[in-house]
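Read through the structure below, which is laid out as structure tokens, and then see the notes.
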Amino acid sequence: MQIVKTAKFGVLDVGGLKPAASSAPRRGAHVAPTDAALASLSAPAGVAVVTDAGDNAVLLKLDALGIPHQTYRHAPVPTIEAQSAALGALPGRLTKNLLVKDKKAGTFLVTVAHDRAVNMKELPGLLGIAKNANLRLTDPAVLGVEKGSVSPYAALNDAGGVVTVALDASLAPGGGDGSNILTHPLRSDMTVSASPADLVKYLAAVGHAPKIVDFGAAPAAAAAAAPKAPKPPKAPKAPKAPKPPQAPQAGGRNKKGSKETLDRIVASKAGDFATWYGEVITKSEMIEYGKISGCYILRPWSFGIWEQIQKAFDGWIKDEPLEVENCYFPLFVTKGALEAEEDHVDGFAPEVAWVTRSGDSELAEPIAIRPTSETIMYPEFAKWLRSHRDLPLKLNQWCSVVRWEFKYPTPFLRSREFLWQEGHTAHYELAEADDMVYAILGLYKKVYEDLLAVPVIPGTKTEKEKFAGGLRTTTVEAYIDGSGRAIQGATSHNLGQNFGKIYGIEVESADGSGGKRVPWQTSWGLTTRSIGVMVMVHSDDQGLVLPPRVAPVQVVVIPIISKACPLAELQGFVDEVKAELKAAGLRVRVDDRGNQSPGWKYNHWEQKGVPLRVEVGPRDAAARSVMAVRRVDGGKKALPLAGLGAALAAELDDVHAAMFAKAKAARDAKLVRVTDWADFVPKLNENNLILTPWCDPADQDAEEAVKDKSRTEALEALGLDDEDARTATSLAAKTLCVPHDQPPLPAGTKCFFTGKPATCWCLWGRSY
Ligand code: 87F
């Protein structure tokens, strides 16, 4: 996010007769385009337009995010009625904000349109928590505000992520009449007007992407728990002809006949990438936001993907020729061990989380939670490795690590705890360590390309970007088209003898001389970030699109049941279909729930990204065939039951190939070559990955100069002053790698920046 230059100015009395120019929107206090002009002309007496954010953290944040808003000052209004009276006919919708807590389920800020009634008995069902949850109004101090000032903007003060924001669907983008939302910025004598999309954008930026809840439509279960109102007498129904199930329309959801409304994705990938991503991962049931900022719950739908990645990669590294063994080391590391290797910890130190207490007593010395395990493992390697015959040692562990990031967190991509595998090996010869590094890099490429259908560029990091504790770092770099950013997919390091020397690892040499040798070590890691990259690359406005080889469910079978054709009539054929697909080794789920319409199910599984849907209706059963529909492009095929397993296995391979080709075309369209500085920042501003002739991958000063100059020129081009220090995506260009696949470099080619002779092509981009 960028900080936008803001001029300092005061409160404008729009009730008076100020010249129009002075109430015009300024940069940093942007006015929501639809309501602005009207607002500044028609604010009632006693209401002033605020044009200076002052020290109000919400207004400063909105400005920093470049979010258009209009803010009004008025007398303190303790109730919504008073607020309504104070604001008079100002356009926009007021909100009712209830802060409620249940001991087990946690704290929720429920924000609904002012005229919505919230039935406390229905609330647990609507929030998706235990039906017997005892929700009670709670102290707004948790949001750092007083009673009367509670609003979604206060989520800013909940850095610990204690509060879940539940926003009424009618206030979400696309809901209600779409007019601006009027609510307090931490104080009851001010009201901010911003669009629904911008409110959601703000919430996402402060780590509180809201749960969108339709408070107007209680789900059946919750409604059943609510006290029963006398039912209106039913009009006798005319018998209806059975309706064919509705096929999902492009972008159309909420089919008629659904017993429950699907919580659909509102933001678009092209329009608001960050909000879209938040919606995709929550509405597909991959992620739930944890109580601590930057910590996320991996629900079975995403953990299942991680399990597929684990299964494949684990098999590859255990197999010949690598024969790596799995192990597990403790979560904690002593201060002494962690700090023994300075280069390694230098720069990373602020991210290390420490345990300082047990119960009420302070620990004699704090212990760190592993951010990576070199410093935990290598003291043990020093004990175990005596002779050259003990080499190679090849260990791997699957675990989680903690890095207390201060940049804005993003599920999967940047979280404070994440899952990974970390491999650590020791070899007698440097060349063996190099072979190991490259073999693993090849497997990382395979994970991305053959499992996740995401193209990557393998290469070596420059001196500046390598892991400081090692000799050289290799990487696979991916590109996320939706954000125009590159992202490091996984890294494999040759650590040299650096760690060995520090931790006293040495073996008797093989030449019988009685001499000693410090082994050559490697370490390598692949994290759950890979899942985030996969989601960002493939998914669309309908939700997740899963590559078949990691999809927890590859084929969902949906019997088209209706009153005219109950499940019992299809059951036999559906069982045969399931058995046929299972026998072909496919991961299959039959959705034969009786409480949802086929149309609802199509949309539900589409949102969850299942690669193939198999529809089985009475006509299909009679013809002993099915209709198969591809998630990636909606392609349909009627297929006979005989040989269906093999046909769908082939279809899944084709889906994989189509997804890879689509992602590669999008990536390649953004891969350009630049040989002159003049073209560099303009190409960067078009979100390209840029290959340039480069003087020297060891020249850190020249690289730093490119970074600085590209940031300065980009800020200038955008009319910005500076960047937000917590942004996860800087405007500056970074080297991503020196690609292993090098285009020819004609003799005499000059470095695009220093003008010195070029030694290689280097890949640059803006990255996560
Ligand atoms: C954060 C805090 C402390 C990265 C850190 O890439 C230490 C570190 O050493 C740290 N963040 N790193 C580098 C990790 C190197 C290496 N470790 C094994 C890997 C792959 C797996």
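Here MET377 meets the list (1) free of Cβ contacts under 8 Å to residues at least 12 places away in the same chain; (2) within 30 Å of ASP511 (Cβ to Cβ) almost entirely, failing just condition (1). The residue list GLY271, GLY304 contains one member that is over 19 Å from VAL165 (Cβ atoms), loosely packed, with under 15 Cβ neighbours inside 10 Å and not polar (S, T, N, Q), which is GLY271. Tell me whether the stretch 696-715 contains one or more residues that are under 20 Å from PRO743 (Cα atoms), outside any helix (DSSP H, G or I) and touching a strand residue (DSSP E or B) at 6+ places or on another chain (Cβ under 9 Å). The answer is yes, given that some residue of the stretch 696-715 is under 20 Å from PRO743 (Cα atoms), outside any helix (DSSP H, G or I) and touching a strand residue (DSSP E or B) at 6+ places or on another chain (Cβ under 9 Å).
A count restricted to the stretch 401-412 and to residues that are away from the ligand (no atom under 12 Å from the Cβ) and touching a strand residue (DSSP E or B) at 6+ places or on another chain (Cβ under 7 Å) stands at 2. For the stretch 507-566, residues that are among the hydrophobic types (A, V, I, L, M, F, W, C) and over 16 Å from VAL629 (Cα atoms) total 16. GLU422 meets each of the listed conditions (1) acidic (Asp, Glu); (2) assigned to a loop (DSSP other than H, G, I, E, B); (3) closer than 28 Å to VAL402 by Cβ apart from (2). Of all the residues in the stretch 642-670, those that are surrounded by 15 or more Cβ atoms within 10 Å (Cβ to Cβ) and either within 21 Å of GLN742 (Cβ to Cβ) or within 25 Å of the chain's Cα centre (by Cα) (or both) number 11.
Selection of the stretch 739-768 for residues being more than 21 Å from ALA678 (Cβ to Cβ), touching a residue at least 40 places away in the same chain (Cβ under 8 Å) and out of contact with any Phe, Trp or Tyr (no Cβ under 6 Å at 6 or more places or on another chain) yields PRO739, HIS740, ASP741, THR759, SER767, TYR768. Identify all residues within the stretch 180-206 that are part of a loop (DSSP other than H, G, I, E, B) and either farther than 19 Å from SER268 by Cα or not small (Gly, Ala, Ser) (or both); write none if there are none. Scanning the stretch 180-206 gives ASN180, HIS184, PRO185, LEU186, ARG187, SER188, ASP189, VAL206.
Does any residue of the stretch 361-374 turn out to be farther than 16 Å from VAL518 by Cβ, out of contact with any helix residue (DSSP H, G or I) (no Cβ under 9 Å at 6 or more places or on another chain) and surrounded by 12 or more Cβ atoms within 10 Å (Cβ to Cβ)?
For the stretch 361-374, residues farther than 16 Å from VAL518 by Cβ, out of contact with any helix residue (DSSP H, G or I) (no Cβ under 9 Å at 6 or more places or on another chain) and surrounded by 12 or more Cβ atoms within 10 Å (Cβ to Cβ): present.
Condition check for PHE381 on (1) in contact with a Leu (Cβ under 8 Å, 6 or more places away or on another chain); (2) in a strand (DSSP E or B); (3) more than 12 Å from the ligand (Cβ to nearest atom); (4) under 27 Å from ALA468 (Cα atoms): one failure, at (2).
Of everything in the stretch 171-201 that's surrounded by fewer than 21 Cβ atoms within 10 Å (Cβ to Cβ) and at pLDDT 90 or above, which residue is farthest from LEU87 (Cα to Cα)? Of everything passing the filter in the stretch 171-201, ARG187 is farthest from LEU87 (Cα to Cα). Restricting attention to the stretch 500-524 and to residues that are within 14 Å of the ligand (Cβ to nearest atom) and in contact with a strand residue (DSSP E or B) (Cβ under 6 Å, 6 or more places away or on another chain), the residue that is farthest from GLY442 (Cα to Cα) turns out to be GLN521. Can you name the residue in the stretch 425-481 that is under 24 Å from SER302 (Cα atoms) and assigned to a loop (DSSP other than H, G, I, E, B) and is also nearest to the ligand (Cβ to nearest atom) among such residues? Here the residue is VAL456. Of the strands (runs of 3 or more DSSP E) that lie entirely inside the stretch 602-647, those containing 2 or more residues that are on the phi < 0 side of the Ramachandran plot and touching a Phe, Trp or Tyr at 6+ places or on another chain (Cβ under 8 Å) span 612-616.
The values are calculated or read from the model by the stated rules, or taken from the named source; none is laboratory data. Quick caveat: nothing in here was measured; it's all calculated off a predicted structure. Neighbour counts run over all protein chains shown; Cβ positions are idealised from the backbone, glycine included.
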